[in-house]
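The values are calculated or read from the model by the stated rules, or taken from the named source; none is laboratory data. Please read these numbers as outputs of a predicted model, since none were measured by experiment. FYI the Cβ positions are ideal-geometry reconstructions off the backbone, even for glycines, and counts take in every protein chain you see. Remember, those area values only see protein heavy atoms, side chains included, never the ligands or the DNA or RNA. Shrake-Rupley method; radii C 1.70, N 1.55, O 1.52, S 1.80 Å.
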Amino acid sequence: MKYTIGDNVRFKLESGEVQDGNIQFIEKGRYEEIFYINSSSRWAYKVPRKRIII
């Protein structure tokens, strides 16, 4: 699935907790994309594409 800035997504943290948030910035690397996401808990997360659920 293709994600763009402003999309609402659900993602999994390293601890296993699931959060909701919206994408603020997408960093495209050589091997993977990194998403900077503001969550509903007012924290910003740096999340690789493989941890995004929907």
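Okay, here's what the table says:
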| read-out | value |
| --- | --- |
| Surface share of carbon and sulfur [accessible, 1.4 angstrom probe, percent] for the chain | 50 |
| Using a Förster distance of 30 Å, the FRET efficiency for residue 41-residue 1 (Cβ separation, nearest 0.05) | 0.80 |
| Magnitude of the charge dipole, the chain, Cβ model with Lys/Arg +1 and Asp/Glu -1, debye to 20 | 140 |
| Loop-located GluC sites (Glu not before Pro) in region 7-54 whose Cβ has at most 13 other Cβ within 10 Å (DSSP) | 14, 17, 32 |
| Relative contact order, percent, the chain [alpha-carbon distance under 8 Å, six or more residues apart] | 32 |
| Within the chain, longest stretch clear of exposed trypsin sites (Lys or Arg not before Pro) (DSSP loop, no more than 12 other Cβ within 10 Å) | 3-29 |
| Per residue accessible area in Å² of the chain, where ligands, DNA and RNA are left out and the probe is 1.4 Å | 77 |
